[in-house]
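A quick write-up on the structure given underneath.
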Amino acid sequence: MESSAGQLAQWKHSGAILTLQRWLAIIGGLAVASLAVCVLCLQFGATRIEMGTIALALRPLLTAGEFDAAGLGASAIIMVHIRLPRILAGFLVGGSLASVGVALQALLRNPLADPYVLGVSSGAALGVSLAMLFGIGTTLALLPTLPLFGFVGGLLSLILIYRLAQSQGRLPIQSLLLAGVILNAILTAFIMFITSIMEPNRSAGLMAWLMGSLTAPGYAALAVFAIYAVGGVAILMQKTQTLNVLTLGEETARSLGIETERVKKQLVGLTALLTGAVVSVSGMIGFVGMVVPHAVRMLVGSDHRLLLPASALVGGMFLVVSDTIARTILAPTEIPVGIVTALAGGPFFLYLLLWRKNRMM
Amino acid sequence: MTTPLPSTSVAPSGAGHRGIHVEGLSFRYDAAGHQARVWTLEGLSFHVEAGEILGIAGPNGSGKSSLLKLLAGLMPPSEGHIRLGGQPITQLSQLDIARVVALVPQDYVQVFPFTVAETVLMGRFPHRPSRLWSLGVGEETEKDLACAHQAMSDTDVWALADRLVSDLSGGERQRVVIARALAQESAILLLDEPTAFLDINHQIEICGLISRLRCERQLTVVLASHDLNVASQYCDRVLMLKEGRLSRIGSPDDTIRPDVLRMVYGCDVVVDAHPQTGRPRVTMPMGISRA
């Protein structure tokens, strides 16, 4: 019995299973790194603001608990009203995309799945495109309406996918993927049609948005999005043990006590809503949802209890850094952040494919 | 194999929970808009005693895997009843079934880099308490770890604990899947073609393991196999399926017979006695003759 206890202790230390200590060390480390990345990226933009100025500007915010814009210089206003909300939005978008990627890869048992695979994103994009085509772009109750159109579009396409893929109350994975691919193709054709009939300068704006762009949202809009993103990721975090078991295959998962049909519907619905919310604020930012889960899985292993929160934090950091590059590299011109993530993520993915083939999945 | 097993820690339920009773079981896959549906399984009635190894044999497409899936509660019967230890399977939740029945599927493909220890611990899923809010980290109890450890010792995969499942050979992977099923601590073990795709050495190893586990853990075992010799040498009784119907059930001496096999498989085979056990042994005849 003593030897068995010794073996168990050794087991915990060998990295064969996830321990609370390892979880806390990795997640704690990543959380600190995320905070540092967000603060450091505040300096960069069309004009560079030194860290000292940032500290000065942040101090009254921390001590008085209230931000007095009038008493501060232009740089503080840029920082608090433009850069900070954009960085926060970027972090939330990146974190949501990576979390959704992790969940869908496990659910579809396919390491190539990403948040856009089910076609919900195209629905959201079509909603926004339609709104832009008809020139609806004002605000409603303090909130910009474009994300609302995106969200409704995503929701409608989710319902459509359910209808297409469902047979006799079940949701077969193959049908789900097929329905997603087909719906993606059809909806993308509609979006292309819209861009082709728009005036050229407006369609250029739409194209840039479709490639994925972050803007500085107002704090009210940011708060609404944050509720969706944080809430959605928090619910996904409750499903991590289920995700682990789902990777064993649907039948095995059911033989281990999971009601797979119910869980699949929950996960598809949840990830679709989260994707719809993300696309509606930032367009289609590619590669974050596919590459980040891959890279993190290679570093921390497959246990979703660690993989999901770690991917969320790394995804957030990745997008904040990418967006910083997107708005500084050709300053004062900005390039869509989707181009940066694709140019950074694509080659990284190729590297994984070519040099680490055996460790890739 | 390494440490003898205290039987108290592995018998979770009374003897009443360990038998299977099947009565008038019929099943067909639903195909929407398809009127002339054929029964995959039709009118099966049999029971499996607690602590028995029952082999299921029959030609391709005779319904062996479907029968196992029904016994594991993966699909509901179209007609008839299955009772697990007296309880009708339709009244049990998926989680309840998972605590009584463990399934070792025919093939297991893991696309993600999970370690052997992580995979075996997933067998403890049905025993995790469900909480409204939990990240699930560090929730493995001492019991979970001890069960997984015991299962890994029994199947001799303990030394592989921190290896990735995707790096293992077929025989090692099969033992890991069995370890995961054992960690489930259920009294009934269902195995679908446990020796398919394995070389002769691993076949002997897996079959020996199953007999040993039955003795050590008093498991009730149902295994589907194409290999009539596995059914003959390792099973207490054999159930012969033909086109979804029960064609014969009984001891290997009673079922692995030339006349029965001709009726079920439609071909002649040579059946003689195994030199060590005296049980029937099936070999292919010289030259192919079909009756």
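The numbers here are math on the coordinates, done by the rules we state, and not lab data. Quick caveat: nothing in here was measured; it's all calculated off a predicted structure. Counting neighbours? That spans all protein chains shown, and the Cβs are built from the backbone with ideal geometry, glycine included.
Among beta bridges from DSSP that stay inside the protein assembly as shown, the antiparallel ones total about 60%. Each part reduced to its alpha carbon centroid, the stretch A:178-241 and the stretch B:172-216 end up 49 Å apart.
What value, in deg cm²/dmol to 500, does the helix sum -39500 (n - 2.57) over DSSP H runs of n ≥ 4 give at 222 nm once divided by the residues of chain A? One gets -23500 deg cm²/dmol as the mean residue ellipticity at 222 nm.
For A:L353 and B:D272, the FRET efficiency from 1/(1 + (r/R0)^6), where r spans their Cβ atoms and R0 equals 56 Å, is about 0.55. For chain B, the longest principal axis of the C-alpha atoms and the axis of helix B:170-183 are separated by about 70°. Starting from the Cα of B:Q106, move 7 Å in the Cα-to-Cβ direction to define the label point; list residues of the stretch B:175-197 whose amide nitrogen is under 15 Å from there. In the stretch B:175-197, the label zone of B:Q106 (backbone N under 15 Å from the point 7 Å along Cα→Cβ) covers B:191-197. Looking only at GluC sites (Glu not before Pro) in DSSP loops with at most 10 other Cβ atoms within 10 Å, what is the longest site-free stretch of chain A? Value returned for the longest uninterrupted segment is A:67-361. Extending 7 Å from Cα along the Cβ direction at A:V32 and again at A:I227 yields two label points whose distance is 3.4 nm. Using only side-chain charges placed at the Cβ, +1 for Lys and Arg and -1 for Asp and Glu, the dipole size of chain A relative to its Cα centre rounds to 560 debye. Annotation: aspartates and glutamates with alpha-carbon distance below 13 angstrom to B:K242 (same-chain offsets under eight excluded): B:E42. Spin-label pair B:E216-A:E261: with each label point 7 Å from Cα along the Cα-Cβ axis, the two points sit 3.9 nm from one another. Cross-linked pairs A:K239/A:K264; B:K69/B:K143; A:K239/A:K265: Cα-Cα separations exceed 19 Å for B:K69/B:K143. Modelled spin-label separation between B:I200 and A:N110, with each label point placed 7 Å from Cα along the Cα-to-Cβ direction: 4.2 nm.
When the trypsin sites (Lys or Arg not before Pro) in the stretch B:190-291 are filtered for DSSP coil states and for at most 16 other beta-carbon atoms within 10 Å of their beta-carbon, the remaining sites are B:R290.
Among B:N201, A:V230, A:T47, whose Cα sits farthest toward the positive end of the charge dipole of the protein assembly as shown (+1 at Cβ of Lys/Arg, -1 at Cβ of Asp/Glu, about the Cα centre)? Ranked along the dipole, the leading option is A:T47.
Taking 13 Å as the cut-off, the amide N atoms of the stretch A:185-209 that come nearer than this to a point 7 Å along the Cα-to-beta-carbon line of A:L133 belong to A:187-199, A:203. Note on A:A55 and B:S65: with the Förster distance fixed at 60 Å, the Cβ-Cβ geometry gives a FRET efficiency of about 0.35.
Legend: ranking of residues B:I206, B:I200 from fewest to most surrounding C-beta atoms inside 10 Å; resulting order B:I200, B:I206. Which of rounded, prolate or oblate describes chain A when judged by the alpha-carbon gyration tensor and an a/c cut-off of 1.5? Taking the square roots of the gyration eigenvalues as a ≥ b ≥ c, chain A is oblate.
If R0 is 60 Å, the Cβ-Cβ spacing of A:N201 and B:S169 corresponds to a FRET efficiency of close to 0.45.
Remark: the A:A220-A:V39 segment gains 63.0 nm on full extension, using 0.36 nm per residue and subtracting the alpha carbon distance. Projecting the Cα atoms of A:L178, B:L223, B:V22 onto the charge dipole of the protein assembly as shown (Cβ charges, centred on the Cα centre) puts A:L178 farthest toward the positive pole. Dipole magnitude for the protein assembly as shown: computed about the Cα centre from +1 point charges on Lys and Arg Cβ and -1 point charges on Asp and Glu Cβ, it is near 720 debye.
Ordering B:E79, A:E199 from the fewest to the most neighbouring beta carbons within 10 Å gives A:E199, B:E79.
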